[in-house]
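Below is one structure, written out as structure tokens, with a few remarks after it.
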Amino acid sequence: MSRTESSYRFNAVLMRPAVEADWTFVVLPKAVSEMLPRRGRTSVDGTLNGHPFQATLEPDGQLSHWLKVTPALHQAAGVAPGDTVTLELAPVAEEPEPCVPDDLAKALKAAPAARAVWDDTTTLARVDWIHWIVSAKQAKTRAKRIADACSKLAAGERRVCCFDPSGFYSKALRAPAAAD
């Protein structure tokens with residue numbers, strides 16, 4: 001791994017997930033992950049074999065991150081599963097506004113007090129609220145988290161409580177299992 005200013009360069013093998021998918025992924029070396037601004041979701045500007053992209057890294061539950069490589073990026077970079085690729089990553093200057101899932105957007109629209117606090121929080125706080133909600137494994141849990149989020153926001157709570165965005169302590173988050 002080499003470092004230039006605030007970018008990190010390393011080689012990795014593109015792995016196909018064990019589940020049927022048209023994308024691949026890379027687990028970042030811990031040394032690279034440790035240099036990033038947070039253990040939870042983190043957006044980066046990067047290159048894959050010299051082809052530029054911007055993506056949000058996901059936590060792997062082991063205090064590192066993983067990167068989903070889309071079919072469009074495969075094609076643009078001319079790579080395939082199993083290839084060793086060169087990645088260069090740098091934290092974005094400003095975290096982009098997260099995409100609000102439809103069910104959460106609908107709930108916030110129906111709860112003006114919650115929406116007001118939501119709009120007044122930081123981008124990273126909104127990233128964590130969304131991450132907490134979408135990390136639910138069951139629809140029932142997700143619905144409860146949305147209701148709880150609206151209640152907590154309406155009460156003035158600006159940050160999601162009791163959620164480990166790295167997945168390390170709860171083991172709720174992890175990189176996909178690789179296909180053999």
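Read the figures in this text as sums done on the coordinates, not as results from a lab. Remember, it's a predicted structure, so these values are computed and weren't measured experimentally. Cβ atoms come from the backbone with ideal geometry, glycine included; neighbour counts cover every protein chain shown.
Quick notes on this structure:
- Rough spin-label spacing in nm, given labels placed 7 Å along Cα→Cβ, for V100 and D45: 2.8 nm
- Annotation: amide H-H contacts under 5 Å for V92 (H modelled 1.01 Å from N, sequence separation of 5 or more, or interchain): S43, V44, D45.
- With θ taken as phi - 60° and the Karplus curve 6.51 cos²θ - 1.76 cosθ + 1.60 applied, the whole-hertz 3J(HN,Hα) list for the stretch 13-28 is 8, 6, 9, 8, x, 5, 7, 4, 7, 9, 10, 10, 8, 9, 9, 5 Hz, x standing for glycine and proline.
- Cα-based shape type of the stretch 102-154, given that a ≥ b ≥ c are square roots of the gyration tensor eigenvalues and the cut on a/c is 1.5: oblate
- Label-point gap, in nm, between F168 and T70 - each point 7 angstrom along Cα→Cβ: 3.0 nm
- For W66, nonlocal amide neighbours, meaning residues 5 or more places apart or on other chains whose placed amide H falls under 5 Å from its own, are L28, E58, D60.
- V160 long-range amide H proximity, modeled H, under 5 Å: W129
- Hz values of 3J(HN,Hα) by residue in the stretch 162-168 - Karplus curve (6.51, -1.76, 1.60), Gly and Pro given as x: 6, 10, 8, x, 8, x, 5
- Converting phi to 3J(HN,Hα) with the Karplus coefficients 6.51, -1.76 and 1.60 and the offset θ = phi - 60°, the stretch 80-93 yields 9, x, x, 6, 8, 10, 9, 10, 10, 10, 9, x, 5, 5 Hz in sequence order, with x at every glycine or proline.
- When the charge dipole of the stretch 102-154 is built from unit charges on Cβ atoms (+1 for Lys and Arg, -1 for Asp and Glu) and taken about the Cα centre, the candidate among A105, A139, A149 whose Cα reaches farthest toward its positive end is A139.
- Listed pairs K68/K140; K30/K140; K109/K140 exceeding 30 Å between Cα atoms: K30/K140
- Chain lengthening between V92 and A143 when straightened (0.36 nm per residue, less Cα-Cα): 15.2 nm
- Computed [θ] at 222 nm, helices only, for the chain once each DSSP H run of length n ≥ 4 contributes -39500 (n - 2.57): -9500 deg cm²/dmol
- Reachable aspartates and glutamates, given that their alpha-carbon falls under 20 Å from the alpha-carbon of K144 and they are not under 8 places away in the same chain: D102, D103, D128, E157, D164
- One Cα centroid belongs to the stretch 48-63, the other to the stretch 120-180; the line between them spans 20 Å.
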